[in-house]
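Below you'll find the structure, written out as structure tokens, and then a few comments.
What follows draws every value from the coordinates through simple rules; no lab data is involved. The structure presented is a predicted model; accordingly, all values stated were derived computationally and were not measured. Neighbour counts are summed over all protein chains in view; Cβ atoms, including those assigned to glycine, are modelled from backbone coordinates with ideal geometry.
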Amino acid sequence: MPNLFKQKFPHRKLKRQLLIVMLIIFSWSVAIGFILGLATSTQAANPAEIGTVDVVPAQYQLGQEIFIENCSTCHLALPPQVFPTQTWKNILEDSQHYGAQITPLTGIERTLVWKYVSTFSRVKLADENTPYRLTRSRYFKALHPHLELPEPVTMSSCVSCHPGVENYNFRKLTSEWEK
């Protein structure tokens with residue numbers, strides 16, 4: 001009889017150890033899931049308050065502010081989503097800006113703006129020309145399907161549908177386009 005008890009005891013001990021390991025793994029998974037949930041959760045924003053096409057995380061907001069500040073002194077600051085990255089790269093490097101001589105950004109300002117526009121702009125297809133005008137940007141066209149654009153596209157063209165563009169709010173639309 002003593003042999004029978006010795007054989008059962010290791011099974012009980014093994015089952016208990018297995019149960020403890022499974023509980024530890026389960027607890028660990030729940031804890032990691034909870035922590036990741038807290039780390040990745042963002043407060044839901046009202047899309048009308050976001051302004052641009054994408055929500056801008058804190059690490060890019062200073063670049064966005066510099067971008068808006070520099071671009072909107074002469075024209076509407078366009079969201080980076082409307083042009084491919086190569087267009088923005090060329091615009092940031094070139095002192096000839098749509099017929100005007102400008103002083104390109106340098107140093108940390110240029111780096112911050114570049115990080116912002118390169119993160120939120122689109123890729124250019126290998127066989128695609130680099131567009132410098134909205135009417136030639138396939139992304140702009142994709143964001144404005146079935147829209148007959150006036151020639152030339154001007155600030156008032158944008159404001160006629162997007163009354164909040166002067167505040168960099170491209171989500172707010174006139175009642176005609178809200179539908």
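Exposed loop chymotrypsin sites (Phe, Trp or Tyr not before Pro) only (DSSP loop, at most 14 other Cβ atoms within 10 Å): please give the longest stretch of the chain free of them, not including the sites.
No qualifying site falls inside 1-97, the longest such stretch.
What's the magnitude of the charge dipole for segment 52-174 around its Cα centre, counting Lys and Arg as +1 and Asp and Glu as -1 at the beta-carbon? Answer in Debye, nearest 20.
260 debye
Just to be sure I follow: if Rg is taken over the C-alpha atoms of the chain and Rh is the Kirkwood radius over the same atoms, what is Rg/Rh?
Reported Rg/Rh, Kirkwood definition of Rh: 1.34.
Residue farthest toward the positive end of the dipole of the chain, with Cβ of Lys/Arg at +1 and Asp/Glu at -1: which of LEU173, SER160, SER27?
Of the options given, the answer is SER27.
Hey, what's the per residue convex hull volume over the C-alpha atoms of segment 117-158, in cubic angstrom?
Cα-based convex hull of segment 117-158, divided per residue, equals 99 Å³.
If I build a Gaussian network model for the chain, linking alpha-carbon pairs within less than 10 angstrom, which residue out of THR40, THR119, THR154 has the largest mean-square fluctuation?
THR40
Evaluate the relative contact order of segment 87-179 (contact order divided by residue number), counting alpha-carbon pairs under 8 angstrom at least 6 apart; express in whole percent.
Reported as a whole number, the value is 15 percent.
Report the label-to-label distance for ILE35 and LEU19 in nanometres (one decimal), using points 7 Å from each Cα along the Cα→Cβ vector.
Inter-label distance under the simple model: 2.8 nm.
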